[in-house]
Amino acid sequence: MNANSSSIASRFRRFAVTAAWWLLAVGAPAATDPKTEPPAPGTLIRLLRDEPLRFYEKPHRPAKAGDTFEVLEYRAASNRVFFEVQEGTKRIAVWVPADAVEPLKKKTGSAADREQSNALFAGRVPALKIRLSEDAMEKLRKEPKTYVEAELREADGKVWPRVGLKLKGSVGSFRAVDDRPGFSIHTGKFKGGERFYGLQRFQLNNGAQDDTLLRELISGEIARSAGVPASRCGHALVTLNDKPLGIYVLKEGFTEDFLGTFFKRTDGRLYDGGFCAELRKDMELDRGEPRNQERLAELLQTLEDPDADRQFQRLRAAVDGDAYLRYLALENILCHWDGYSFNRNNYRVYENPQTGRFHFVLHGMDQTFGDPARALRIAPQAAVGAILWRNPAIRTRYEEILQDIHEKVLRPGKWPKRTEEVGNRLLAAVKAAAPDQARDYAPKIAVATEQVRARMQEIDRQMRLGDPLKHLNTTAGVDLSETPWTAHFENAQGEERTDRDRVCLYIQAAGEANGSWRLPLFLPPGTYRFDARIRTQGVVKLSPPSGEGAGIRVSGGTRLGRNALEGDTPWKPLSYEFTTEGGETTLVAELRAQAGEMWVERKTLRLMKVR
């Protein structure tokens, strides 16, 4: 054998060994069904059986039949499907055999459905006649939250004969079926149902807590413009069994079509937070696979983690931080006190399978714009927000997001004009169909428009002033004269008024009064002094544990035996010193009295850090 032959043989042996090793490592090419398309990157697949997710060659963690994933890569040589999963703060690639998965069919509506719903929400005000049998009426009297079969008919004769209908609403908005109820409608609940202008599910809200019927629509438009998930809204004139019910808010339901507007993947779990409740394991599942809710369990464990630093890092991996801060900013901008961050009410939370992180959805915004003076930087009280807010970097990021929304959405948005425009459009439709209702509704447009205008002006003012705590560590301290103080009155009344050229916060007792002006601030650890100048007239003091007569303190603190003013007291400077370990502290200027008046001079309100 010559040298050339020897070299060729040597190379062949090396190739044979390499090929053998490759086959052992990745397996022989699998036989494939020529009718089956290989799963392409970005498509969704579902597990057909319980199967461990493998990292390299070792089982990494179990997965259950029905779990869904987005394909990262398909390798035909080994017949493996790879996808990414969240591991703490990292994403790693794992795989399963290709015969363990099937493509996940997209269930969202067609482009034509979206076009129809867009046209509906662009301003159409349909006149809808709901027809319920007596059996269905009786069932709704006994079980209002159970679907019954109904007929939905439009004034022009178009009919949806087999829609599912149940009553909706909670404390404050729920009305019985013989009153003026709100409705949840599901066009696909019974066989043969047809989408309503492209919508599979929608709500007819009765406006029990918003007689302007404009707040949810305008709030939703502002939220979506800022990149925060919220339903589209329109209006309808509703009749139930020939009984006119009046104007309703027609609101898009929480379907895959809705999710597809905001998320690339719509196969995640969507939870309903319920009534005045924190995140918890028994939340109602609106959409998604009910099994294997590990991500929710991990989030709930994180909220209970006693190690603050570890808890913060775990929470950043579980919740999309920027998305939550945008959500929080909208709650403060819209005065949406009844959402997740404050009242822990009226919210949905979506587990995004693309990232493994949770996102909050705005909902139930029929009481927005109620407090035009609301501060833009109120610390969240619910668990997720409270944990994040403790970190200074998060509060800095919130300020950046607030600035972004103000510059791009609020200032150029002309939202008062938009409110008036939508109200007048609705009024024109009502005039054509029900002139008597139009006369009652017309004055409410001005009410809603003025509320939005007042809020936008206050937002501009607060944004010009900036963060009130920016001078906290200076010798001058924090000037609180222009910050938005909130009134809390029980057997009292008050307002902001001028007293001999002094701009004041004013309270008058009317019985056994507990009246106060309050300002919540998120303070770092330290000792502080709260200053104000006050005068009183005719104060007949009460003596509760928090303090007598008129004075200043912090929420949870007492001023009993100090800075307690009664009778007729000329302008007097008061101070209240307190220590905090860090967190939210609410400053209080109060009147606890059977009778009398109190004035707090705004320009004297100040907070100093003593040490």
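The values are calculated or read from the model by the stated rules, or taken from the named source; none is laboratory data. Since we're looking at a predicted model, the values are computed, not measured. All Cβ positions, glycine included, derive from the backbone under ideal geometry; neighbour counts span all protein chains shown.
Of note:
- When Glu294, Glu284 are checked against the criterion of being in contact (Cβ under 8 Å) with a residue 12 or more places away in the chain and more than 30 Å from Arg153 (Cβ to Cβ), Glu284 stands alone in meeting it.
- Complete set of residues in the range 278-318 that are farther than 25 Å from Glu581 by Cα and of a type in the set (S, T, N, Q): Asn292, Gln293
- Breaking point among (1) of a type in the set (S, T, N, Q); (2) surrounded by fewer than 16 Cβ atoms within 10 Å (Cβ to Cβ); (3) outside any helix (DSSP H, G or I), for Gln457: (3)
- Strands (runs of 3 or more DSSP E) within the range 67-144 that include 2 or more residues within 21 Å of Leu165 (Cα to Cα) and at pLDDT 95 or above: 127-131
- Residue check for Arg502: of a type in the set (Lys, Arg) and either loosely packed, with under 15 Cβ neighbours inside 10 Å or under 35 Å from the mean Cα position of the chain (by Cα) (or both): no
- When residues of the range 60-78 are limited to those that are in contact with a strand residue (DSSP E or B) (Cβ under 6 Å, 6 or more places away or on another chain) and farther than 20 Å from Arg295 by Cα, the one surrounded by the most Cβ atoms within 10 Å (Cβ to Cβ): Tyr74
- Taking the range 463-478 as the range and being modelled with pLDDT under 80 and surrounded by 12 or more Cβ atoms within 10 Å (Cβ to Cβ) as the test, only His471 passes.
- In this entry, Pro412 passes the filter for residues that are surrounded by fewer than 19 Cβ atoms within 10 Å (Cβ to Cβ), part of a loop (DSSP other than H, G, I, E, B) and without any contact (Cβ under 8 Å) to a residue 12 or more places away in the chain.
- Scoring Arg201 on the criteria (1) modelled with pLDDT under 95; (2) assigned by TED's automatic domain parsing to the domain that holds Glu154 leaves a single failure, condition (1).
- Counted residues, the range 278-317 - those being part of a helix (DSSP H, G or I), of a type outside the set (Phe, Trp, Tyr) and closer than 15 Å to Asn391 by Cβ: 10
- Residue in the range 514-533 that is modelled with pLDDT of 95 or more, in contact with a Pro (Cβ under 8 Å, 6 or more places away or on another chain), aliphatic (A, V, I, L, M) and farther than 30 Å from Lys414 by Cα present: yes
- Subset of the range 469-491 (residues that are over 19 Å from Asp531 (Cβ atoms) and among the acidic types (Asp, Glu)): Glu490
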